[in-house]
Amino acid sequence: MKAITQLSILAMIAFVNQSCQKEIDLKLDEYQPKLAISSLFEQDSNFYFSIAESQSVLDNDTFPPLENVSILLTNSLGESETISALVDHTFYYQNKRVYKSNMRAREGLTYDISVSHPNHKTATATAGIPDGVQITSLDTQTVLEFGYPALRINMIFQDPVVTNYYELKLFAYAPEIVYDKQTWEAIDTIMSFQEMYYSFPSDGLLDNGGNSIFSDELFNGKEYTLSFNTDKSYIDYLLEGKEAFPEAEIFLLPELRSISKEYYDYQTSMVKYWNADGNPFAQPVQVYTNIENGFGIFAGFGKSNDTIWLD
């Protein structure tokens, strides 16, 4: 009887499973790719455009550069240039295929782009370069950070009485080892500008998720001292490399960038996106774009910098 009962239960389960199976014809809207454009430009420099085809969430996320693109770049003086050739460009040890202008970006001008491709709608965007805010003075001191020596840099500048957005960068001009991109063996030593890591003291004034982007909300229209720390042991390491270039001057170059609202919104949304990536409890983050009929960012920044000589 027990065996018969078990067989009856199995038969019932099989029947229920069979009766619950139903083919559903699920039709997803066909994804329509658009032009994906990235161009963050600075004063007195050429424009570089990374252009790819946007992908759906089911694609492989490789974003190869898109060929057969034509970019019409126009400024508010009526000057224009058409860019249609891909060129090689090295950015932080990565070779990229980009579109490069002959025109150079200038403060106070507005720039329009119209990007066309045979298979996509023409994408457009407008951007300019905010006036750079000058660094008034710099001073340094040695401090302890988490028990280790650090160099604290105090940057003083006068914030204008309008809403402003900033980005802080720190570079070192020092010897750098060049590695073979295939084997990663050291092949040369050169003098170059290298971006350096820094941290803000934990005063809560510029808490933006570790981002170097901030607004003047807390000091609008005032003289402000921006303090940040960099690793003293890394500076000592840079100085040791001077043996290869005994006549070279090694220095740090703090750079204060005055960025547009579009640049600020794009960078802060990217930080939120990466912080939420893979977190099942995080709200979905929409990355900011100012590209009409496309995705991405076209934005500029002005800058000022000063020098800290290292002995």
With a ≥ b ≥ c taken as the square roots of the eigenvalues of the C-alpha gyration tensor of the range 103-238, please select rounded if a/c is under 1.5 and otherwise prolate if a/b is larger than b/c or oblate if it is not? oblate
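Note the full-extension length gain between Tyr237 and Leu253 as 0.36 nm times their separation in residues minus their Cα-Cα distance, in nm to one decimal.
4.1 nm
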State the Cα centre-to-centre distance between the range 233-264 and the range 36-53 in whole Å. 24 Å
Strictly over 27 Å apart at the Cα level, which of Lys121/Lys303; Lys96/Lys232; Lys232/Lys272; Lys34/Lys100; Lys222/Lys261 would you flag in this model? Lys121/Lys303; Lys96/Lys232; Lys232/Lys272
Grab the Cα-Cα distance for Glu195 and Glu223, subtract it from 0.36 nm times how many residues apart they are, and report the gain in nm with one decimal. 7.4 nm
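Pull out the extension gain between Ala186 and Tyr148, defined as 0.36 nm times the separation in residues minus the alpha carbon to alpha carbon distance; nm, one decimal.
10.8 nm
Bear in mind that the values in this text are calculations on the coordinates, not laboratory data. Keep in mind that what you see is a predicted model, and the values were worked out from it rather than measured.
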